[in-house]
Amino acid sequence: MSVAGIQSALQQMQAVQTQATGQVANPKAVGSSAAVEKGGFANELQASINRINELQQASAAQRTAFQLGDPNVSLNDVMVDSQKAGIAFEMGVQVRNRLVNAYKEVMNMNV
């Protein structure tokens with residue numbers, strides 16, 4: 001795995017850790033109106049789906065390159081990227097399931 005890939009994974013883990021502890025990742029963006037305009041649940045959901053798709057496509061491309069005998073692609077990288085894509089997909093499925101459950105719960109509320 002390349003250094004850039006490791007750094008990217010580390011940054012993602014740190015962002016998740018920051019979110020889990022309830023801290024603000026970028027305190028300057030909280031008060032800015034630009035962050036509010038670009039934000040929103042639908043935009044974040046779409047961005048997450050796009051990231052999952054990119055991981056799956058990159059994994060498939062790397063797997064194909066390895067199968068074709070590309071000397072720059074190692075089996076370790078293929079397996080790690082495949083696992084990343086699988087975990088990202090499972091996370092997406094779990095988010096979808098929770099959204100569906102939340103929707104059902106809201107629809108069953110008495111007004």
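What follows is calculated from the coordinates using simple rules that are stated; it is not laboratory data. Computed from a predicted model, the values in this text were never measured in an experiment. Using ideal geometry, Cβ is built from the backbone for each residue, glycine included, and neighbour counts are taken over all protein chains shown.
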Find out how many positive minus negative residues lie around Ala65, taking Lys and Arg as positive, Asp and Glu as negative, among other residues whose Cβ is under 13 Å from that of Ala65.
-2
Extreme residue, positive dipole direction of region 33-111, given options Tyr103, Gln46, Phe89 (C-beta unit charges)
Tyr103
What is the list of residues in region 71-110 whose amide nitrogen lies under 19 Å from a point 7 angstrom out from the Cα of Val16, following Cα to Cβ?
77-99
Using r as the Cβ-Cβ distance of Asn108 and Gln83, and R0 as 41 Å, what FRET efficiency do you calculate, to the nearest 0.05?
0.65
